[in-house]
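> Mind looking over this structure? Questions follow.
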Amino acid sequence: MIAIACDHGGYELKEEIKKYLDEKEIKYKDFGCNSTDRTDYPLYAEPAVKAVQSKECDKAILICGTGFGMSIVANKFKGIRCASCWNEEVAKLLKAHNNANVIALPGRFINVSQAVTILRAWLGTEFMAGRHTDRLEMIKEIENENMK
Ligand code: RB5
């Protein structure tokens with residue numbers, strides 16, 4: 001199950017991405033928002049990311065204007081690794097090197113076909129492990145020191 005959430009800057013892209021997920025029969029839970037009316041991205045990032053933390057969802061897709069606000073909020077939560085992706089290559093690396101369980105997308109800077117390419121890359125890439133596991137362990141230590 002994939003959590004999906006957006007603010008007004010990502011609403012239109014979220015709706016298109018849902019069509020893609022439906023086509024592929026990938027299950028998702030939509031945490032809003034539900035229109036292009038101006039709103040605040042932390043309101044939607046938080047419940048989506050908490051669904052990943054609680055394992056209700058195994059990953060999340062967050063969309064705002066730049067993907068930055070969403071990823072900043074997401075990374076405030078222990079065990080969440082998220083970044084904004086703008087092309088296929090960085091999306092592959094986000095999974096292969098960082099084992100990101102959340103991806104953010106810049107709704108104002110990519111079109112639907114770019115978004116689908118990015119998501120296909122992220123969803124279809126395996127974590128490379130090896131030296132990257134050591135780095136994720138270092139991140140865990142930092143989380144344990146700095147987060148409750
Ligand atoms: C909203 O105007 C915009 O700031 C938001 O969608 C996002 O880009 C923030 O990082």
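> Got a number for residues in segment 107-132 being over 18 Å from LEU62 (Cα atoms), within 16 Å of the chain's Cα centre (by Cα) and either of a type in the set (S, T, N, Q) or not in a loop (DSSP other than H, G, I, E, B) (or both)?
So the answer is 1.
> Next question, about the same structure. Does at least one position in segment 20-42 carry a residue that is closer than 13 Å to ILE103 by Cα and within 14 Å of the ligand (Cβ to nearest atom)?
No, segment 20-42 contains no residue that is closer than 13 Å to ILE103 by Cα and within 14 Å of the ligand (Cβ to nearest atom).
> Going by the conditions given, is MET70 outside any loop (DSSP other than H, G, I, E, B) and either of a type in the set (Ser, Thr, Tyr) or surrounded by 12 or more Cβ atoms within 10 Å (Cβ to Cβ) (or both)?
yes
> Follow-up. Is it fair to say GLY32 is within 16 Å of GLY107 (Cβ to Cβ) and either in contact with a Lys or Arg (Cβ under 9 Å, 6 or more places away or on another chain) or part of a loop (DSSP other than H, G, I, E, B) (or both)?
Spelling it out, GLY32 is indeed within 16 Å of GLY107 (Cβ to Cβ) and either in contact with a Lys or Arg (Cβ under 9 Å, 6 or more places away or on another chain) or part of a loop (DSSP other than H, G, I, E, B) (or both).
> Quick one: LYS14 ticks every box in (1) open to solvent by 10 Å² or more (accessible area, probe 1.4 Å); (2) farther than 25 Å from GLU137 by Cα; (3) in a helix (DSSP H, G or I); (4) within 15 Å of the ligand (Cβ to nearest atom) except a single one, so which number is it?
(1)
> Please go through segment 45-65 and give me each residue that is farther than 12 Å from ILE80 by Cβ and either within 16 Å of the ligand (Cβ to nearest atom) or at pLDDT below 95 (or both), ordered by number.
ILE61, ILE63, CYS64, GLY65
> Further question on the same structure: Quick one: which of ALA115, ALA121, ALA96 is open to solvent by less than 30 Å² (accessible area, probe 1.4 Å) and touching a residue at least 60 places away in the same chain (Cβ under 8 Å)?
When all the criteria are applied, what remains is ALA115.
> Here's a follow-up. Could you please let me know if ALA83 is touching a helix residue (DSSP H, G or I) at 6+ places or on another chain (Cβ under 8 Å), within 17 Å of VAL49 (Cα to Cα) and open to solvent by less than 20 Å² (accessible area, probe 1.4 Å)?
No.
> Does LYS55 meet the test of being in a loop (DSSP other than H, G, I, E, B) and either over 24 Å from SER113 (Cβ atoms) or out of contact with any Gly (no Cβ under 8 Å at 6 or more places or on another chain) (or both)?
Judged against the criteria, LYS55 is a match.
> Given the conditions (1) of a type in the set (A, V, I, L, M, F, W, C); (2) more than 16 Å from the ligand (Cβ to nearest atom); (3) open to solvent by less than 50 Å² (accessible area, probe 1.4 Å), which single one is not true for MET1?
Tallying (1) of a type in the set (A, V, I, L, M, F, W, C); (2) more than 16 Å from the ligand (Cβ to nearest atom); (3) open to solvent by less than 50 Å² (accessible area, probe 1.4 Å), MET1 fails exactly one: (3).
The values are calculated or read from the model by the stated rules, or taken from the named source; none is laboratory data. Every value quoted in this text rests on a predicted model; they were computed, and no experiment measured them. Here Cβ is always computed from backbone atoms with ideal geometry, including for glycine, and neighbour counts include all displayed protein chains. Side chains included, ligands, DNA and RNA excluded: accessible areas come from the protein's heavy atoms. Shrake-Rupley method; radii C 1.70, N 1.55, O 1.52, S 1.80 Å.
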